[in-house]
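Student: To start, I am sharing the structure in question, which I have written as structure tokens.
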Amino acid sequence: MSVTLGALVQLATRSLKDAGIDGAARDARLLVAHVAGLPLHHLTLEASQEVGETQQVAAQDLVARRIAREPLSHLLGKRAFFEHEFIVTPDTLDPRPETEALVLAALKTRFTTVLDMGTGTGAIALSLLAARPNARGVATDLSQAALDVAAQNAQAIGVAARVELVQSDWFAQVSGAFDLIVSNPPYIALEEMAELAPELSHEPRMALTDEADGLSAYRIIVAGAVAHLTDGGHLMVEIGWQQGAAVAALFEAAGLQQVAVLPDLDGRDRVVIGQKGTNLV
């Protein structure tokens, strides 16, 4: 039995709404457009187009997976972030809009070398390199599977020749000094994990939590940053919205200067920045 694209969107929307999925209508449109191989903005124009059984089954499967709270980015295989689309898999953290605050803050500084630790999809590092054609970078992750995804994204965005992808436990395999160090580390405390949205259970746990108080990664990053920053270089990290004071205190204890906590577009604390002075070793 054939149905139209418009009818398929309506069916998908109803199923998602009944399952309590927030943004059901938009998710339905995105999933149907993906199955149909159409840009989202063409979906309305093609609403009367008939859909074959194979596409119907594919759409039903994706809707069922979304109802099971699999992230939309995993179903589509991609996520729009900053100025690009990034391949996303279950091996990587899903890049989120609030992380763009870190990219925007970094682009207000001068840098020709950048280190991104815990890079995942590469969203932060690759966005920075794409915006600064003369810059080069190193992006690290403990997960080789994540680095493989980052490599695909670097190739697609056109910055593969300017980024080195290194498997490393924070600074362990990193040498040299950088004008900019950035990171979106695991900052969710263990006691908070049970309260998270079910979609997050599909993402790598080690990218979400330090299995402790949520500050372990910051302690490691701040401890090693001074030795890996050029004079005047900046350290910038994403934080949980309640961690600003604690992370800023770590920056200050390490001797970093001009320490500040910056908000995201929703006005919540999101980024802590600091600068290495010329008198720090």
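Student: May I ask you to list the lysines whose Cα is less than 20 Å away from that of Lys276, ignoring any residue fewer than eight positions away on the same chain?
Tutor: Lys108
Student: So how far, in whole Å, is the C-alpha centre of region 165-190 from the one of region 208-281?
Tutor: Using only Cα atoms, the two centres lie 12 Å from each other.
Student: Remind me, relative contact order of region 1-153 in percent, using alpha carbon pairs under 8 angstrom and six or more residues apart?
Tutor: Details: 210 pairs, mean separation 26.9, N = 153.
So the answer I get is 18 percent.
Student: Using mean Cβ contacts within 10 Å as the protection proxy, how do 47-53, 6-12, 198-204 order, highest first?
Tutor: Values: 47-53: 12.7, 6-12: 19.6, 198-204: 16.1.
Answer by packing, highest mean first, reads 6-12, 198-204, 47-53.
Student: For region 1-124, with every protein chain kept in place, what is the accessible area per residue (1.4 Å probe, Å²)? Could the numbers behind the result be given before it?
Tutor: Numbers: 6080 Å² over 124 residues.
So region 1-124 comes to 49 Å² accessible per residue, rounded to a whole number.
Student: Carbon and sulfur together cover what percent of the accessible area of region 117-263 at a 1.4 Å probe radius?
Tutor: 53 percent
Student: For region 131-281, what is the accessible area per residue in Å², given a 1.4 Å probe and the full set of protein chains? Mind dumping the intermediate values first?
Tutor: Details: 7100 Å² over 151 residues.
Counting only protein heavy atoms, the per-residue value for region 131-281 is 47 Å².
Student: Students often check this: by mean Cβ neighbours within 10 Å, which of 267-274, 226-233, 252-259 ranks highest, and how do the rest follow?
Tutor: Working: 267-274: 21.0, 226-233: 17.4, 252-259: 15.6.
Ranked from most to least packed, the peptides come out as 267-274, 226-233, 252-259.
Student: Classify region 1-136 as rounded, prolate or oblate from the Cα gyration tensor: take a ≥ b ≥ c as the square roots of its eigenvalues, call it rounded if a/c is under 1.5, otherwise prolate when a/b beats b/c and oblate if not.
Tutor: Prolate.
Student: If you don't mind, there's one more thing I want to ask. Got the relative contact order for the chain handy, in percent, Cα pairs under 8 Å and 6 or more residues apart?
Tutor: 14 percent
The values are calculated or read from the model by the stated rules, or taken from the named source; none is laboratory data. Just so it is clear, the structure is predicted and the values come from calculations on it, not from any experiment. So basically every Cβ, Gly included, is an ideal-geometry build from the backbone, and we count neighbours across all protein chains shown. These accessible areas exclude ligands, DNA and RNA; they are computed on the full protein's heavy atoms, side chains included. Shrake-Rupley method; radii C 1.70, N 1.55, O 1.52, S 1.80 Å.
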